[in-house]
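The values are calculated or read from the model by the stated rules, or taken from the named source; none is laboratory data. Predicted model only: the values in this text are computed from it and were never measured. Reconstructed Cβ throughout: ideal geometry from the backbone, glycine too, with neighbour counts over all protein chains shown.
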Amino acid sequence: MAEIKNVLVPDIGNFKGVAVIDVAVKAGDSVTAEQTLISLETDKATVDVPAPFAGVVKEVKVKVGDKVSEGGLIVTIEASESAAQAAPAAVATPAQQAAAPVAAAPIAQTANPSQPPLAPASGTPVGSPLLRSDPSAVRGGADAPSPDKGRAGEGFESRISAHASPSVRHFARELGVNLPLVKGSGEKGRVTKDDVQNFVKQALAGGTATGGGGMSGLLPWPDVDFAKYGTIETKPLSRIKKISGANLHRNWVMIPHVTQFEETDISEMEAFRKELGAEYAKQDIKITPLAFMLKACAITLKHFPDFNASLDAGGENLIVKKYIHIGVAVDTPDGLMVPVIRDVDQKGIVQLARELGEVSARAREKKLSAADMQGGGFTISSLGGIGGTAFTPIINAPEVAILGVSRASMKPVWQDGEFVPRLMLPLSLSYDHRVIDGAAAARFTTYLARVLSDMRRLAL
């Protein structure tokens, strides 16, 4: 006899309250195993949820615009007899669901799940209504008041627990927002993520959110009626740009950035790259300069481990990573995405080139999973294929450094008593001055330049 089973939201990484952007089935539809049921949009990617088995859809429990989390009920399906014999982990019968409640999903994170919220930057007024000066109130760590205990007035978290979800509270802590000051637009006055983002925008514009004084005494953002001067078009920012914008602003404000510039001779590297490219073209593997950059950075990070590290939540200890996972900024139509290439030090140029091609394609097709963008210890942002001579990349917190790569160009270089044409590549290393001093940064870029200019060092 066929059995009706509940299909639940599977593991979607450290995300909660993910938007349903498409429902691909309706009651009465016959579905096959792995057929898409719904599509979800996280902060960085679109995720299709497939049917775990074949059967007939009895009832659809969600609609476009709903917010779901891991373990949430999507649809009920009358499973075929073969499917009814095995119950996948993400599926439960109604009776099983009632007997065993679904565990709470992890608190969502907006950028990197290993991110420890940072203390306010020295330039931010301590005790301002937007940013909390009490570290326990900001980071919600072990020393913070419990959100489930105590009375009003006993702690920052206790005052807000009834008015915002855990994911929104976490988001507010990451941005340093004093959540009780945010007016909620959700059901029963509940604060949403959009409310927090709008609060920050008002604060930066010098609006009433911070008592009219703005953040750090900034002048109000100009409110101009541009249509008075000619034809205009208003285009909404993509979801990725909205989320990334808040993170980039936090990183820029809270991390003391310094950028070290360097040039390296990649004449030999480029000649070898073209040779490899021709050799592997038949295997549809594109050997890009970025594959060499990844390998060179991995070698350099082993010599300078403090660049592959993160400050802890209190800002008093440095967590040095023994693995080398490097994020790579990928330009997509909706904005930048940063998939992570793992264990770069253990892979060769060809394997790195293959993985780069695969993750870049998935990024542009919005098929990256949450796991694809987690765990990085260092980031490379390459604009070499577009142009430019140098730029100042913003550090991807909680990392402490990011390498910017611009377009290589032929330049006359003095060698052995004469000028010779050499292909020179500009490098821009932004670093967190709380962790790295200028001398260390100069040594890092100098060593990296030597590795890139001498192909033999890539084998070390």
Look at D331 and say whether it is closer than 23 Å to D454 by Cα and acidic (D, E).
no
Being in a helix (DSSP H, G or I), of a type outside the set (A, V, I, L, M, F, W, C), in contact (Cβ under 8 Å) with a residue 40 or more places away in the chain and within 17 Å of F272 (Cα to Cα): is that true of R457 here?
yes
How many residues, within segment 274-300, are polar (S, T, N, Q) and either part of a helix (DSSP H, G or I) or more than 17 Å from S453 (Cα to Cα) (or both)?
2
Residues of segment 319-330 being without any contact (Cβ under 8 Å) to a residue 40 or more places away in the chain and part of a strand (DSSP E or B), which ones?
I319, V320, V330
Is it true that P398 is at pLDDT below 95 and either surrounded by 15 or more Cβ atoms within 10 Å (Cβ to Cβ) or in the same structural domain as L175 (by TED's automatic domain parsing) (or both)?
yes
Being in a loop (DSSP other than H, G, I, E, B), under 19 Å from the mean Cα position of the chain (by Cα) and hydrophobic (A, V, I, L, M, F, W, C) narrows it down to one residue among I402, I380, I386, I394; which is it?
I394
Would you confirm whether any residue within segment 301-314 is assigned to a strand (DSSP E or B) and either farther than 26 Å from A246 by Cβ or touching a Pro at 6+ places or on another chain (Cβ under 8 Å) (or both)?
yes
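Mind checking whether some residue in segment 414-424 is in contact (Cβ under 8 Å) with a residue 60 or more places away in the chain, within 28 Å of M337 (Cα to Cα), touching a Gly at 6+ places or on another chain (Cβ under 9 Å) and part of a strand (DSSP E or B)?
no
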What about Q374, is it surrounded by 14 or more Cβ atoms within 10 Å (Cβ to Cβ) and free of Cβ contacts under 8 Å to residues at least 12 places away in the same chain?
no
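Being touching a Leu at 6+ places or on another chain (Cβ under 7 Å), without any contact (Cβ under 8 Å) to a residue 40 or more places away in the chain and assigned by TED's automatic domain parsing to the domain that holds A449: is that true of M410 here?
yes
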Residues of segment 363-391 classified as hydroxyl-bearing (S, T, Y) and either within 16 Å of L336 (Cβ to Cβ) or not assigned by TED's automatic domain parsing to the domain that holds K302 (or both), total
3
What number of residues within segment 5-30 are outside any loop (DSSP other than H, G, I, E, B), at pLDDT below 90 and of a type in the set (A, V, I, L, M)?
5
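Matching residues to (1) in contact with a Ser or Thr (Cβ under 8 Å, 6 or more places away or on another chain); (2) at pLDDT 95 or above; (3) crowded, with 20+ Cβ neighbours inside 10 Å; (4) farther than 26 Å from D331 by Cβ:
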{"position": "G387", "(1), (2), (3), (4)": "yes, no, no, no"}
{"position": "S406", "(1), (2), (3), (4)": "yes, yes, yes, no"}
{"position": "M410", "(1), (2), (3), (4)": "no, yes, no, no"}
{"position": "D416", "(1), (2), (3), (4)": "no, no, no, yes"}
{"position": "R443", "(1), (2), (3), (4)": "no, yes, no, yes"}
{"position": "M455", "(1), (2), (3), (4)": "no, no, no, yes"}
Take the conditions at negative phi and either assigned by TED's automatic domain parsing to the domain that holds G176 or in contact with a Lys or Arg (Cβ under 6 Å, 6 or more places away or on another chain) (or both) and apply them to S267. Does it pass?
yes
